[in-house]
1. Going by what's in this entry, would residue 53 be described as in contact with a strand residue (DSSP E or B) (Cβ under 6 Å, 6 or more places away or on another chain) and not charged (D, E, K, R)?
2. In this structure, does residue 108 turn out to be modelled with pLDDT under 95 and touching a His at 6+ places or on another chain (Cβ under 9 Å)?
3. Go through segment 78-95 residue by residue and tally those that are of a type in the set (S, T, N, Q) and closer than 17 Å to residue 48 by Cα.
4. Working only within segment 8-22, note down all residues that are closer than 16 Å to residue 100 by Cβ and touching a residue at least 24 places away in the same chain (Cβ under 8 Å).
5. When residues of segment 80-97 are filtered for being surrounded by 15 or more Cβ atoms within 10 Å (Cβ to Cβ), more than 16 Å from residue 29 (Cα to Cα) and not basic (Lys, Arg), how many remain?
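The values are calculated or read from the model by the stated rules, or taken from the named source; none is laboratory data. Treat the numbers as computed from the prediction; the structure is a model and nothing was measured. In this analysis, Cβ positions are derived from the backbone assuming ideal geometry, glycine residues included, and neighbour counts consider all displayed protein chains.
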Amino acid sequence: MTESEFQEIAERTIEDIQDAIDDSGSDIDYDEIGGVLTLEFEDGSKIIFSKQGAMNQLWVAAKSGGFHFDYNEEAEHWICDSGDNEEMYKMLSRLSTEQAGEEINLVSP
């Protein structure tokens with residue numbers, strides 16, 4: 001994947017995450033500045049997404065730790081590079097549920 005392809009996919013993903021939050025009706029505030037997406041929960045905790053162009057990865061920082069995601073071009077989704085190779089939206093739903101203290105289901109648009 002070229003740098004420009006990565007940037008395009010990563011930017012589209014960040015927009016899709018924002019759309020998924022809006023569609024979920026969950027009380028999650030978000031802000032995107034310079035390619036970094038910050039989700040803020042009612043208790044003040046955050047989940048932060050950042051693009052890592054040199055690695056062609058999306059990095060996620062949450063209360064429970066940091067995670068790196070690689071893009072699977074065949075499946076057209078992001079997969080965590082550690083543990084059980086969890087798909088990004090599945091993990092984001094789980095992490096958001098943990099931090100919000102209520103069930104949150106964020107699905108890929």
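1. no
2. When the stated conditions are applied, residue 108 passes them.
3. Number of matching residues: 1.
4. 17, 20, 21
5. 6
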